[in-house]
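Each remark here refers to the structure printed beneath this line.
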Amino acid sequence: MRLSPAEFRSWKNRSITLLGMSGVGKTRLSRILRRAHWFHYSGDYRIGTRYLDEAILDNIKQQAMAVPFLRELLRSDSIFIRNNLSVDNLTPVSSFLGKLGDPELGGLLLTEFKRRQELHRISEVHAMRDVPAFIRKAHEIYGYDHFVNDAGGSLCELDDPEVLRVLDEHTLVLYIQATHRDEEELIRRAERDPKPLYYRAAFLDEQLASYEAERGIEYVAQIDPDDFVRWMFPRLFHARVPRYEAIARAHGYTITTEELAQVQDEAGFLALVERAVARHS
């Protein structure tokens, strides 16, 4: 969605999609806006509660069935398991996505890893296509004035033109670009605490071949899952940047993590977006 600064100021019911790598401040900003009567739509929350809920539960149950005590309780319906996702706790989604590597170290073998990656991609596509319906619900059912779409970092990798068309038509797309200093901090954070990530299938195949050659690994079960994530993260980051930038050029606007870090309230955010719009005008 393209607007002039004046059009942005007069926009009665604002709807904004936040685009950028996990860790650049999308969720922090969404929490600030929640306090100012914005509906916070978390793409990952929608994925976990609507599109991957059953798959996540099946994975948890499968783990529980490996414990004899829990297996008997589950089979006799003496206990039940349910997800407890919240916008601020998306661990079940991350746990389902998993890490590639040695099962003895909690990793997944390649076929299962790719199956889960594809399920996540399909789920994210659906979650982003749901945005217009939730904009309507936010206003008509819940009475919110404004809407913020806290999109996942992998939005740029979906390669689904319809998703971008929908988001461009119904929201202002705002790319949060990491400064060099913040980029280095994101990479350090991934090294300290490697988390499951989504990879485009072609990118995964290409990088996995390079990793195996570099580490002298013959098959996936030899991979240390955390080491693979640490090795992959900077490569993933730099592969995503031009994709984010292309989306911003075609559909939206750009701010930096340094600019966003100065935002403490809704007024500061709106002023920042207006400056971003003016830069493009």
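Every read-out reported here was derived from the displayed coordinates using simple, explicitly stated rules and does not represent laboratory data. Note that the coordinates shown come from a computational prediction; the quantities given were computed from them, not determined experimentally. Cβ: placed from backbone, ideal geometry, glycine included. Neighbour counts: every protein chain shown.
Using the number of other C-beta atoms within 10 angstrom as an exposure proxy, rank Leu3, Leu29 with the fewest first. If I rank by nearby Cβ atoms, fewest first, I get Leu3, Leu29.
In deg cm²/dmol, rounded to 500, what helix-only [θ] at 222 nm does the chain give when every DSSP H run of at least 4 residues adds -39500 (n - 2.57) and the total is split over its residues? The partial results should precede the final answer.
Details: 14 runs with 162 residues, N = 281.
One gets -17500 deg cm²/dmol as the mean residue ellipticity at 222 nm.
Largest mean-square fluctuation among Arg82, Arg200, Arg46, in a Gaussian network model of the chain whose springs join Cα atoms under 10 Å apart, belongs to Arg82. The GNM of the chain, with springs linking C-alpha atoms under 10 angstrom apart, assigns the highest mean-square fluctuation among Ile81, Ile32, Ile122 to Ile81. Sorted ascending by nearby beta carbons within 10 Å, beginning with the fewest, Arg116, Arg35 become Arg35, Arg116.
Shown here: the chain, whose C-alpha atoms stretch 63, 49, 32 Å along the first, second and third principal axes, sorted largest to smallest.
Here the Gaussian network model covers the chain, with springs between Cα atoms less than 10 Å apart; of Val220, Val148, Val125, Val220 fluctuates the most.
Counted by neighbouring Cβ atoms within 10 Å, the residues Glu214, Glu206 run from fewest to most as Glu214, Glu206.
Which of the residue pairs Lys26/Lys99; Lys12/Lys137; Lys26/Lys61 have a Cα-Cα distance greater than 20 Å in the structure shown?
On the way: Lys26/Lys99 24 Å; Lys12/Lys137 16 Å; Lys26/Lys61 32 Å.
Violating the 20 Å Cα-Cα cut-off are Lys26/Lys99; Lys26/Lys61.
In the calculated pair distance distribution of segment 159-265, what percentage of Cα-Cα distances lie above 20 Å? Cα-Cα pairs in segment 159-265 separated by more than 20 Å: 54 percent.
Annotation for segment 30-78 versus segment 122-140: alpha-carbon center distance of 19 Å. Backbone amide hydrogens, once placed in the peptide plane, bring Ser15 within less than 5 Å of Phe147, Leu172, excluding anything fewer than 5 places away on its chain.
For segment 247-259, 3J(HN,Hα) computed residue by residue from phi via the Karplus equation (6.51, -1.76, 1.60; θ = phi - 60°) reads 5, 5, 5, 7, 10, x, 9, 10, 10, 9, 4, 5, 5 Hz, glycine and proline entered as x.
3J(HN,Hα) along segment 12-22: 6, 10, 6, 9, 10, 9, 8, 10, x, 4, 4 Hz, from the Karplus curve 6.51 cos²θ - 1.76 cosθ + 1.60 with θ = phi - 60°, whole Hz, x for Gly and Pro.
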